[in-house]
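In what follows, a structure is listed as structure tokens, so that the remarks can point back to it.
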Amino acid sequence: MSKVVVIGSINMDLVVRVEEIPKPGETVMGKNLMRIPGGKGANQAAAMAKLGVETVFLGKVGEDGFGAELKSSMLNAGIEISKIETEKGPSGIAIINVDNQGNNNIVVISGANGLMDTSYLKNNAAQFEADIFVFQLEIPLETVRMGLKMAKQNEKLTVLNPAPATKLDDEIISLVDILIPNEHELQRLTDVKIDDEKSIKRACNILLKKGVKNLIVTLGKNGVYYTDGKVQKFFKAYEVDAVDTTAAGDSFIGGFVAALSEQKDIETAIDYGQICAALTVQREGAQISLPSLDEFKAFKKERLK
């Protein structure tokens, strides 16, 4: 099995359950408040580690009360956390509203994640001997750029989840082997309005021409679209009753990369990701909703009947 390094964010999620997500200018009453370890980077790493992948994390937490709690949660998931640094000031925080249908919106405050600079990566250059490197965009963009460059200089596989949605320059895009946006992120990356299958394909072609090797667009309950320029294929999602979609994308990426670490092909890896996402949306929270290897195997066995 290949070794994976995740370079990204660590947040404490403050999750509010509401009847409906408030519109601009609207006040609604919340049902309850939960404090749950999260962060796109930490979630993805936890998803991999819980499936048995050797996973090393590069990131930062704050000296506040959340920092130690966040590291403990990651350690319990099986992540190698010895390279995580603690900075003065607050850890990253995400404020999440979740409605009765499991839909959410999220506001992220960077905290210590914003202090992840390129010198931190250079100090951890020895970690770039791993096999697969996974990035998101909740840390400074220049740090992502440097990490991608260091990985490619060592001829390693790079995976980027371009979330939160933002524009990326051509250099960053060209350094990505596997790009995994959702439809909103795909629209932001390409300025193509995503409203049907044709628009998804058109947007993906723009990114392929810029050097991305493989594109996987996650479409929630509508499944996944994959293309490498030659293959163009939609995959249906598993039908389950969603409770909370928080971390569904992170769980997908965790399952997908876990399959790659076992040298599985892309289509099998997509299926692994979809199984993990289906399990995650049936439970509340971020890291606490991520499936174990036993749960993954049980779901797979049940659906193959």
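What list of ³J(HN,Hα) values in whole Hz, one per residue of segment 85-90 in order, does the Karplus curve 6.51 cos²θ - 1.76 cosθ + 1.60 (θ = phi - 60°) give from phi, with Gly and Pro shown as x?
3J(HN,Hα) across segment 85-90, in whole Hz: 9, 10, 10, 5, x, x.
Could you list which residues have their amide H under 5 Å from that of Ala94, counting only those 5 or more apart in sequence or on another chain, with H placed in the peptide plane?
Result for Ala94 returns Met12, Asp13, Leu14, Ile109.
List the equivalent ellipsoid semi-axes of the chain in whole Å, largest first, each obtained as the square root of 5λ for an eigenvalue λ of the Cα gyration tensor. Don't skip to the answer; put the middle values down first.
Numbers: eigenvalues 125, 120, 82 Å².
So the three semi-axes of the chain are 25, 24, 20 Å.
Please build a GNM for the chain, connecting alpha carbons under 10 Å apart, and tell me which residue among Gly62, Gly285, Gly25 fluctuates the most.
Gly25
At 25 °C and 0.890 mPa s, grab the translational diffusion coefficient of segment 64-128 from Stokes-Einstein with a Kirkwood Rh over Cα pairs, rounded to a whole number in µm² per second.
175 µm²/s
Averaged per residue, what accessible surface does the chain expose to a 1.4 Å probe, in Å²?
Per-residue accessible area for the chain comes out at 44 Å².
Name the aspartates and glutamates eligible as straight-distance cross-link partners of Lys152: C-alpha to C-alpha under 16 Å, and not fewer than 8 places from it in the same chain.
Once the sequence-local aspartates and glutamates are set aside, what remains near Lys152 is Glu129, Asp131, Glu142, Asp170, Glu171, Asp177.
So what is the relative contact order for the chain, in percent, with contacts set as C-alpha pairs under 8 Å and at least six apart?
So the answer I get is 18 percent.
Only loop residues by DSSP count here, and only those with at most 11 other Cβ atoms within 10 Å; note down the GluC sites (Glu not before Pro) in segment 232-280 that meet that.
Glu239
Hey, in the GNM for the chain with a 10 angstrom Cα cutoff, which one of Gly41, Gly65, Gly92 fluctuates hardest?
Most flexible of the set in this elastic network: Gly65.
Looking at the chain as a GNM with Cα springs under 10 Å, which of Val176, Val15, Val240 has the largest mean-square fluctuation?
Top of the fluctuation ranking is Val240.
Compute the relative contact order of segment 32-111 as a whole-number percentage, counting only Cα pairs closer than 8 Å that sit 6 or more residues apart in sequence. Don't jump to the answer; show the numbers that get you there.
Working: 113 pairs, mean separation 22.7, N = 80.
Rounded, it is 28 percent for segment 32-111.
Treating only the Cα positions of segment 193-305 as identical point scatterers, give the base-10 log of I(q)/I(0) from the Debye formula at each q in 0.14, 0.16 Å⁻¹.
Log10 of I(q)/I(0), two decimals: -0.58, -0.75.
Cα-Cα over 27 Å: which of Lys50/Lys88; Lys3/Lys149; Lys3/Lys40; Lys230/Lys300?
Lys50/Lys88; Lys230/Lys300
Can you work out ³J(HN,Hα) from phi for every residue in segment 114-119, in order, using Karplus 6.51 cos²θ - 1.76 cosθ + 1.60 and θ = phi - 60°, giving whole Hz and x for Gly and Pro?
Each residue's phi maps through the Karplus curve to give x, 9, 6, 9, 5, 5 Hz.
For segment 94-204, what class follows from the C-alpha gyration tensor (a ≥ b ≥ c being the square roots of its eigenvalues): rounded when a/c is under 1.5, otherwise prolate if a/b is larger than b/c, else oblate?
oblate
Hey, what did segment 132-284 get for relative contact order, percent, Cα under 8 Å, at least 6 apart?
It rounds to 15 percent for segment 132-284.
Just report the Cα centroid separation between segment 240-305 and segment 196-228, whole Å.
Using only Cα atoms to place each centre, the spacing works out to 20 Å.
The values are calculated or read from the model by the stated rules, or taken from the named source; none is laboratory data. Just so you know, these numbers come straight off a predicted model, no measurement behind them. FYI the Cβ positions are ideal-geometry reconstructions off the backbone, even for glycines, and counts take in every protein chain you see. Accessible surface is based on the protein model in full, side chains and every heavy atom, while ligands, DNA and RNA are left aside. Shrake-Rupley method; radii C 1.70, N 1.55, O 1.52, S 1.80 Å.
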